[in-house]
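Student: Just passing along the structure, written as structure tokens.
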Amino acid sequence: MSEYLLAIDVGNTSTVLGLLDQNDHLLHSWRIRTARDLLPDNYAMQIKTLLELSKAPMPHAAIISSVAPPVGANIQKALTQYWNIPALEVGVENLQVSIEIKEPKAVGADRLVNMVGVQHYLESSPFEYALVVDFGTATTFDAVAQGNRFLGGVIAPGPATAADSLFSATAKLPRVALVAPAKALGGTTVEAIQSGLVFGYAEMVDGMVRRLSLELPAKPLVIATGGFARTLEGICTTIDLFDDDVTLRGLVRIWRSFA
């Protein structure tokens, strides 16, 4: 009998769910809005609807990473209350990792899960170090090493956060799609904003990667993930790999270490 794992990454803006089989193949994935005011019953209805619409099998277990309390706890309660599905919420206290910074308990679970998610790249390459660039509500740059060592990182506003701030703080600037214009020198207001948000972020990413690389003992493997990462593919020059599923991959690896 096949067993299925539901891996759930709760971010500040959106929540990603991935259903995997016993061979860790991703069968289905969904993205929903993170809503802190929803109760366990609401999340149970959402999960049931997603599974039924996709004709997906019911999971046998779940693992959750959350940076938006109490969402993770409410999803966990929904899974156990309605389907008796064991659900593990990841935290610093139950991870076998080395956090080599001054405030280890302050590191978000998503950043630690990402660190675990890129370990297979480090184990199968000549690289000992990696920089994980994750584009979400915030853009994070995390320096990690083989053996699940978290060395530190950088936190900056995410592109969508910057765009929302620009729109809400100005009277005449419009909301724009986060896509690259044809050239950096904008011929319209929309193109000018897109250039600043897309090309500007690409330059920020490349500059931070170069700066952080100088502070590591050896050249790192640079991996980008998150919703905005693919927008910068072909624009950023310092990113080695684009992987949309780093966090889900990390959650699965953590679950297997407990199973």
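Student: In this structure, is THR170 modelled with pLDDT of 95 or more and either surrounded by fewer than 13 Cβ atoms within 10 Å (Cβ to Cβ) or under 30 Å from PHE127 (Cα atoms) (or both)?
Tutor: Criteria not met by THR170.
Student: Would you check if LEU178 is part of a loop (DSSP other than H, G, I, E, B) and at pLDDT below 95?
Tutor: Working: part of a loop (DSSP other than H, G, I, E, B): yes; at pLDDT below 95: yes.
Spelling it out, LEU178 is indeed part of a loop (DSSP other than H, G, I, E, B) and at pLDDT below 95.
Student: Among the residues of region 46-59, write down those that are surrounded by 14 or more Cβ atoms within 10 Å (Cβ to Cβ) and out of contact with any Phe, Trp or Tyr (no Cβ under 6 Å at 6 or more places or on another chain).
Tutor: Once the filter is applied, which keeps residues that are surrounded by 14 or more Cβ atoms within 10 Å (Cβ to Cβ) and out of contact with any Phe, Trp or Tyr (no Cβ under 6 Å at 6 or more places or on another chain), region 46-59 yields GLN46, ILE47, LYS48, LEU51, ALA56.
Student: Sticking with this structure for a sec: Against the conditions (1) in the same structural domain as ALA138 (by TED's automatic domain parsing); (2) buried (at least 16 other Cβ atoms within 10 Å of the Cβ), where does ALA177 fall short? Just the number, please.
Tutor: Of the numbered conditions (1) in the same structural domain as ALA138 (by TED's automatic domain parsing); (2) buried (at least 16 other Cβ atoms within 10 Å of the Cβ), the odd one out for ALA177 is (2).
Student: From VAL198, VAL209, VAL252, VAL246, which residue is surrounded by 13 or more Cβ atoms within 10 Å (Cβ to Cβ), without any contact (Cβ under 8 Å) to a residue 60 or more places away in the chain and of a type in the set (Val, Ile, Thr)?
Tutor: VAL198
Student: Then there is this: Among the listed residues ALA180, ALA184, ALA229, ALA163, which satisfies the condition of being over 30 Å from GLN22 (Cβ atoms) and in contact (Cβ under 8 Å) with a residue 40 or more places away in the chain?
Tutor: None of the others qualify; the one that does is ALA180.
Student: Where residues in region 127-159 are in contact (Cβ under 8 Å) with a residue 60 or more places away in the chain and among the polar types (S, T, N, Q), which of them is farthest from ALA218 (Cα to Cα)?
Tutor: Here the residue is THR137.
Student: Still on this structure: Do you know which residues across region 212-243 are touching a Leu at 6+ places or on another chain (Cβ under 8 Å), surrounded by 20 or more Cβ atoms within 10 Å (Cβ to Cβ) and aliphatic (A, V, I, L, M)?
Tutor: Selection gives LEU212, VAL222, ILE223, ALA224, ILE239.
Student: While we're on this one: Suppose we filter region 84-119 for residues that are at pLDDT 95 or above and acidic (Asp, Glu); how many remain?
Tutor: Final tally of qualifying residues: 1.
Student: Identify, from the list VAL205, VAL209, VAL252, VAL198, the residue that is β-branched (Val, Ile, Thr), under 30 Å from LEU5 (Cβ atoms) and assigned to a helix (DSSP H, G or I).
Tutor: On the way: VAL205 fails: under 30 Å from LEU5 (Cβ atoms); VAL209 fails: under 30 Å from LEU5 (Cβ atoms); VAL198 fails: under 30 Å from LEU5 (Cβ atoms).
One residue alone meets the criteria, VAL252.
Student: Something else: How many of the residues making up region 103-126 are in contact (Cβ under 8 Å) with a residue 60 or more places away in the chain and either among the charged types (D, E, K, R) or assigned by TED's automatic domain parsing to the domain that holds ILE63 (or both)?
Tutor: 1
Student: Another one. Quick check on region 71-88. Is at least one of its residues surrounded by fewer than 14 Cβ atoms within 10 Å (Cβ to Cβ) and either within 21 Å of ASP244 (Cβ to Cβ) or within 19 Å of the chain's Cα centre (by Cα) (or both)?
Tutor: Within region 71-88, none of the residues are surrounded by fewer than 14 Cβ atoms within 10 Å (Cβ to Cβ) and either within 21 Å of ASP244 (Cβ to Cβ) or within 19 Å of the chain's Cα centre (by Cα) (or both).
Student: What's the total number of residues in region 60-70 that are in contact with a helix residue (DSSP H, G or I) (Cβ under 6 Å, 6 or more places away or on another chain) and loosely packed, with under 15 Cβ neighbours inside 10 Å? Please lay out each step first, then the result.
Tutor: Just the residues of region 60-70 that are in contact with a helix residue (DSSP H, G or I) (Cβ under 6 Å, 6 or more places away or on another chain), to begin with: 62-67.
Those left that are additionally loosely packed, with under 15 Cβ neighbours inside 10 Å: none.
Here the count works out to 0.
Student: Limited to region 97-126, what total is found for residues that are loosely packed, with under 14 Cβ neighbours inside 10 Å and touching a helix residue (DSSP H, G or I) at 6+ places or on another chain (Cβ under 7 Å)?
Tutor: Residues in region 97-126 being loosely packed, with under 14 Cβ neighbours inside 10 Å and touching a helix residue (DSSP H, G or I) at 6+ places or on another chain (Cβ under 7 Å): 2 in total.
Student: Which residue, of GLY158, GLY147, GLY153, GLY187, is exposed (fewer than 13 other Cβ atoms within 10 Å of the Cβ) and in contact with a strand residue (DSSP E or B) (Cβ under 8 Å, 6 or more places away or on another chain)?
Tutor: Every option except GLY147 fails the conditions.
The values are calculated or read from the model by the stated rules, or taken from the named source; none is laboratory data. This is a predicted model, so every value here is computed, not measured. For neighbour counting, all protein chains shown are included, and Cβ atoms are generated from backbone atoms with ideal geometry for every residue, glycine included.
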